[in-house]
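Scroll down for the structure; my scribbles are underneath it.
The values are calculated or read from the model by the stated rules, or taken from the named source; none is laboratory data. Just so it is clear, the model here is predicted, and its values are computed rather than measured. Because the Cβ atoms are built from the backbone with ideal geometry, glycine has one as well, and the counts that use them run over all protein chains shown. To get the accessible areas, we keep the full protein, side chains included, count just its heavy atoms, and leave off ligands, DNA and RNA. Shrake-Rupley method; radii C 1.70, N 1.55, O 1.52, S 1.80 Å.
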Amino acid sequence: MKNISILILLFLLGCGTLMAQPIRKSSYEQTLKAARESYKTRNYVYALERYEEAYEDKEDRSLIDTIAWLNFQIRDYRRAERWFARILRRAEEGELNEYRYIYGQLLKMNESYDEAIEEFQKFLAQSTNDSLNNLAKNEMAGAELAKELPQTMKGVTVENAGRDLNSKISEYSPTLASNGQELYFATFDANDVIYVDEKNKESSYALIYKAMKDDNGWEKPKELGGEINRPEYHNSNVSLSKDGRTMYFTRAQLEGNVLSESKVYYSTGGSEGWSGAQEVQGINGDYLAKHPAVGELFGKEVLFFVSDMPGGYGGFDIYYATKTGEGAFADPVNLGDVINTAGDDETPYYRDGTLYFSSTGHPGLGGFDIFYSTWDGTRWSDPINMGRGYNTSVDDQSLTLDDEGYFGMLVSNRPDGRSAYGRTCCNDLYTVTIAKLYADLVTGLFTIDKKPLPGGTVYLIPTQDDKPGTPDSKTSEDGNRFDFDLGLDMPYMVIATHPDYFPDTMQFNTVGLTESKTFQHFFYLKPKPKLPEYDTITIEEPIVLENILYDFDDDRIREEAESDLEVVYELMTEYPDMKIELSSHTDNRGNDQYNEDLSQRRAESARRWLVRKGISRDRIVAKGYGESQPQTVSARAAALNGFLKEGDVLTPGFIDSLSTEEQKEVAHELNRRTEFKIIEGPTTITIKSTRLRKKESTKPGPDRESLIGGWKADTTKISMLSSLYGKDDLKGLPIMQFKQRVLELGTVKKGEKRRFSYEFVNAGDAPLTISLLSACDCTTIENDPTGDTFHPGEKGVIEVLFDSSEKEEAEEIDIDIFLEESDNEGIPIRETVQYRFDITNS
C-alpha cells in the first residue's frame, strides 16, 4: 500500500483525523512535486506541509494561493485569514472577487464581524453570481445576528466533554441512549496525527464506539464489533430508534479527501449486542446518503437523512422517507426550502415535533450553526438559530438530547477543544446541560431621553448575608444590552456605569422562584456635566487661577500653584504686548484692612514668581481686593460642588447659611483666589480649557488633622460594609471612613419621621467623589452630596430623613454609596451605611 496523507473534512461531520507521511528532507523540486501530487489526490495535510516547506525554501509567491486554500480546507481559519489577506493586498480592484468571499467567511469565523461585513459588501459590489450573492447576503445577516445575540444562554451550560471522550483528532455524531447513561459516537483509534502505512492502515478508518456513564463520569469508550464496524470503511453517524432496538448508521469511502461513497445501514439488537448490519432499502442510490435520524411525520415513523441527490436546493439537503418495514422505506422526500438552502443542511435530529439540524445556508455566527424548526402537522416553521453556547464562530453540529431533554451533546471545532493541527481543525464532543429552573438578567443602558447608550459597563454583584461577593462585569463598546446568568435564592445588586454619565443601581433577588424567570431592567443614565475643550479669554474678563490657593492667613503660594503661573508666563511670552492685572482676594474672616493687606501680599507673591521667570514688572499690575469682591459661582464650580448653584454669590450671609462646616470651608476657599485679566494687548485669546483647571492632589493639606477633628480615621480597619474589605492593595485609593457606620434609631412610632446623619472622612490618599446614593423609598438623602469631591483628609456628612409611614415591623435599612473611583481591580468602590429601628403603633 502506498503511503497517504488524508484529512477527513465535513463529510463525516467535521474534521476527522490527520494522516501524513513521515517528513524527509528533499530538494525543492522533489518537495514541490510531492506537494502537487498530494494536492491532486486531495491529501491536503501532506500537501500543505510540502507546499509550506517549498515556500520556506524559495519564498515563491506563486505558492501563496495554494497554501491559503489548503489552510482553509483543513479549517485552520486564523492562518488561512492571514494568507488570504496577503493575496488580496496584491490584487487590483475587482480581481479575485471569489477570494474576497472566502476572506469574508474567514473573518466571520474569527469573530471579526464588522470587517467580514465590509468584505462581503465589497464582494457584492463586483459579483454577478446570483447564487453566491445570496450566500454572501446570508453571511452578512449572520454577522449582524452575531453582534446582536446575547452573550449568555438562559439556563444552558455547554462544556467540553473532557479527555475521557475527546482526543486530539475528531469525534463526531454522538447519540445518547438509556437516558443519557449510554453514548455512541465515532472517532479513530488514534490520539494524534496518524502516519499511515501497511502496518497501521486500520487506524485511518472511523469506528463507532460506545461509552457508559457512572457516578464518576464516562468510562473508557469501547469500539463496537465487526457487525457494525466494517473493516476499511468509515463507520459513523449513529441514530437509534425510540425503543433503542434499531441502530442506523453510515458506511463511507473516500477518494483522497472527497467522499466517494456513503450509504445508510441498520442493525437490530440493543445494549447487549447488535446483529450484522444490512443496507437500508429505499434510501440509498447513486448519490451520497448520510446522517440518518429517526423521527415521526403524519403519525408514521420516518427516517430523516442527508443527501446530495439531484433536485436539491444546494450542496447537501435533508430528506425524509417513511418506514414501510424493517430496514425498508418509501421514496425520499425533500424537506423543502424552509429547511434546505443553497448551502449545506446536515445532522438532523428529531424530538417531539422539533427538528434540530446544522446549516451553512441560514444566517449563523460562523460556519455550521445549529437551528431548530417545529412541525405543526402540515409544515415546518422558519428555522431559528439556537444562539451562543450551542453555536460559535466556527462549526457546531450534531445536537442530541437524552430522554428527559435536560442533558445532551454536540460536536464543535471551537478553539478551546483539543486539536491535532491548528486550533480549529478537529471536532470535540461537548456536553449540553439545561437547567430545569433558571434565572437570568437582561439589562440595557439608555440616555435619559431613551436613546441606546453604548460604551458602558454593568456590574452584577451577589450580596449573600449582606456581604458583597465577586462581581461579574461586562463592557460593550458597540452595544447597550447586557445578559447575565443568575444563581437561585440569591440577592443581587446591579451597577450601571459609563465614563460620561452618572452611574445608577438596582437591587433584586431570585429567592423563592418556582419557575424560570428572566429579570429585566433598563437604566436611564444622567450625563455628567461637559466642560468646554477650549476657553476664550476676552479683555477685562477675570479668569480664576484655580490652582493658586492659599492656606488661611498665609500669603505663600502652594507648590501646586506653579502650574497656573507657568501658563500665565507662557501666554505673556506668546503675546509680548499683553499687560495683565493679577488680583488676589481673601475670605471674609479677619478685619477689612488686614484682609486687603493680605490680598495685596498674595498678589505681589504671584507677580514676583513671574518676574523671576523674566517677565517685565511693568507688564503686571498686582492688586489686592481683600474681601470686597466675593466670588460668583461659575457653572464649573457648581458642577464640582453639588451644594452650590451657578450664579450664587459667596457673601458672608450666604456662607453662614450653608449646612456644614465643610461646605463653608469650600466656599471660603473659593473666595480665597487669584485671578488675572488682560488689560492691554490682545482683545481675545483661546487656550485649552484644561490648562487652567484645578489639578487633583493626592497629598493631604497641612490642616488634615484639623479637618478630621475629634476623631481619627484608621485605614488599617476597613469595614465589612465596604467593597474594599479584604483588599490587600489600597494604595492610591480614597477610603471612606465613617464616625459611625451603623445607627440605632431605637423605637420609632409608625408614621414618625426621623432625621440623622453620617459623618465621614476621606482617609485615603486620593480624591473621593460620590457618584450615587441608593436606598429604599423610606429614605431621603436631604443634602444630596452626589458629585461632591472630598480630598484626602476632608470630612463630609450625609443627611438622612427616614419616613416610617409604610413600615410594619423592625428592619435594618442599607444606604449604598457609590464612588466615581474604582479599586485597583477596576471595580467601582461601594460603601454601605445602615440604620436599624423597631416600630410601634402606639
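Some values worked out for this structure:
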| read-out | value |
| --- | --- |
| Inter-part distance where region 55-107 and region 375-409 are each reduced to a Cα centre, Å | 33 Å |
| For Tyr172, net neighbour charge (Lys/Arg +1, Asp/Glu -1) across residues whose Cβ lies under 13 Å away | -4 |
| Prolate/oblate/rounded call for region 224-355, Cα gyration tensor, a/c under 1.5 rounded | oblate |
| By accessible area with a 1.4 Å probe, ligands and nucleic acids excluded, highest first: order of Ile539, Ile495 | Ile539, Ile495 |
| Area accessible to solvent at Asp382, 1.4 Å probe radius, in Å² | 120 Å² |
| Point-charge dipole on Cβ atoms (K/R +1, D/E -1) for the chain, about Cα centre, debye to 20 | 1440 debye |
| Accessible area of the chain divided out per residue, in Å², using a probe of 1.4 angstrom | 46 Å² |
| Length-normalised contact order for region 394-451 - Cα pairs under 8 Å, 6+ apart - percent | 27 percent |
| Unit charges at the beta carbon, dipole of region 286-380: most positive-side option, Phe298, Trp380, Met309 | Phe298 |
| For Val156, solvent-accessible area (1.4 Å; no DNA, RNA or ligand), Å² | 20 Å² |
| Of all accessible heavy-atom area on the chain, the percent that carbon and sulfur account for (1.4 Å) | 45 percent |
| On Cα atoms only, tilt of 130-148 relative to the major axis of the chain in degrees | 40 degrees |
| Net charge over other residues, Cβ less than 14 angstrom from the Cβ of Lys242 (K, R count +1; D, E count -1) | -2 |
| Dipole magnitude (debye, nearest 20) for region 53-159, charges at Cβ of Lys, Arg, Asp, Glu | 200 debye |
| Global form of region 586-693, assessed from the alpha-carbon gyration tensor, a/c cut-off 1.5 | oblate |
| Angle in degrees between helix 28-40 and the longest Cα principal axis of the chain, rounded to the nearest 10 | 70 degrees |
| Where Arg418, Arg589 fall by accessible area, highest first, once all protein chains stay in place (1.4 Å) | Arg589, Arg418 |
| Solvent-accessible area of Arg388 with every protein chain in place, 1.4 Å probe, in Å² to the nearest 10 | 40 Å² |
| Heavy-atom accessible area order for Asp428, Asp729, Asp243, largest first, 1.4 Å probe | Asp243, Asp729, Asp428 |
| C-alpha long axis of helix 44-58 to longest principal axis of the chain, angle in ° | 60 degrees |
| Candidates per trypsin sites (Lys or Arg not before Pro) in region 230-318, loop by DSSP, up to 16 other Cβ within 10 Å | Lys242, Arg245 |
| Options Thr447, Phe407, Val458, ranked by Cα towards positive dipole end of region 406-502, top entry (Cβ charges) | Phe407 |
| Cα gyration tensor category, rounded, prolate or oblate, for region 236-308 with a/c compared to 1.5 | oblate |
